[in-house]
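Before any comments, here is the structure.
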Amino acid sequence: MTNRTDDDIEVEVSSPVCSMHEADDAYMGYASKNELIAFLNELLEAERAGARATLESAPIAGSYRIAELLRTIQRDETRWCAMLAGHIKALGEVPSRRVGVFYGKAMAIGGLGDRITFLNRGQRWVVRKLREMLPRVRNDQLHADLYEMLRSHEGNITLVNDLVASISEG
């Protein structure tokens with residue numbers, strides 16, 4: 001090691017300040033604001049369709065267990081509609097007021113058993129969409145709410161599957 005003298009040139013050896021926190025979400029691999037808004041509106045329309053289809057299907061169930069399950073899912077769908085609309089508003093946008101095409105497809109199915117099976121497919125669609133998007137959601141509160149929505153839909157799928165199995169056995 002040599003002794004340093006006043007004539008030596010000072011060399012900066014540290015890295016410049018990291019500015020990654022200033023990088024755009026999309027650059028960092030997260031969903032952009034526009035992508036999130038489109039996703040949340042797509043889910044909102046689907047949840048609204050599911051809420052409406054279960055609300056209109058419960059009174060014709062003929063079985064207390066089936067009607068109660070449909071009402072439970074309907075309340076859940078309504079809860080998620082409010083959560084999604086709240087996050088869309090928090091992002092500075094107006095939530096969609098449309099009902100997803102899922103509603104018309106579900107209501108066109110005449111047999112309640114087939115309609116419930118279709119409704120469960122809709123629940124699985126939401127689960128798939130949430131699993132795809134969750135790793136790309138940077139906002140902690142939105143991530144937590146969407147994760148809770150995912151778990152709720154997985155629970156509803158299990159409830160429907162269990163009910164269908166018990167009816168098949170009974």
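The values are calculated or read from the model by the stated rules, or taken from the named source; none is laboratory data. Keep in mind it's a predicted model, so treat the numbers as computed, not measured. As a convention, Cβ positions derive from the backbone with ideal geometry for all residues, glycine included, and neighbour counts pool all protein chains shown.
Table: residues versus (1) assigned to a helix (DSSP H, G or I); (2) at pLDDT below 95; (3) within 18 Å of E45 (Cα to Cα); (4) out of contact with any Cys (no Cβ under 7 Å at 6 or more places or on another chain).
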position: A58; (1), (2), (3), (4): yes, no, no, yes
position: E68; (1), (2), (3), (4): yes, no, no, yes
position: D76; (1), (2), (3), (4): yes, no, yes, yes
position: W80; (1), (2), (3), (4): yes, no, yes, yes
position: L84; (1), (2), (3), (4): yes, no, yes, yes
position: G100; (1), (2), (3), (4): no, no, yes, yes
position: K105; (1), (2), (3), (4): yes, no, yes, yes
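Has segment 136-152 got at least one residue that is within 15 Å of T54 (Cβ to Cβ) and of a type outside the set (A, V, I, L, M, F, W, C)?
The answer is yes; a qualifying residue exists.
Tell me which residues, restricted to segment 106-131, are of a type in the set (A, V, I, L, M, F, W, C) and over 15 Å from the mean Cα position of the chain (by Cα).
Answer for segment 106-131, where residues must be of a type in the set (A, V, I, L, M, F, W, C) and over 15 Å from the mean Cα position of the chain (by Cα): A106, M107, A108, I109, L112, I116, F118, L119.
Could you tell me which numbered condition G62 fails, if it satisfies all but one of (1) surrounded by fewer than 15 Cβ atoms within 10 Å (Cβ to Cβ); (2) part of a helix (DSSP H, G or I)?
That leaves (2) as the condition not met.
Restricting the search to segment 107-138, which residues are outside any helix (DSSP H, G or I), of a type outside the set (A, V, I, L, M) and without any contact (Cβ under 8 Å) to a residue 12 or more places away in the chain?
Across segment 107-138, the qualifying residues are G110, G111.
Residue by residue, here is whether (1) closer than 20 Å to Q74 by Cα; (2) among the charged types (D, E, K, R) holds:
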| position | (1), (2) |
| --- | --- |
| W125 | yes, no |
| V137 | no, no |
| E148 | yes, yes |
| N156 | yes, no |
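Check off (1) more than 15 Å from V137 (Cα to Cα); (2) surrounded by fewer than 19 Cβ atoms within 10 Å (Cβ to Cβ); (3) not acidic (D, E) for Y30 and give me the number that stays unchecked.
With (1) more than 15 Å from V137 (Cα to Cα); (2) surrounded by fewer than 19 Cβ atoms within 10 Å (Cβ to Cβ); (3) not acidic (D, E) applied to Y30, the lone miss is (1).
So which of L130, L119 ends up being aliphatic (A, V, I, L, M) and over 17 Å from R71 (Cα atoms)? Working first, answer last.
Details: L119 fails: over 17 Å from R71 (Cα atoms).
The unique qualifying residue is L130.
Considering only residues that are within 16 Å of L119 (Cβ to Cβ) and in contact (Cβ under 8 Å) with a residue 24 or more places away in the chain, which ones fall in segment 75-99?
Passing the criteria: D76, E77, T78, W80, C81, V99.
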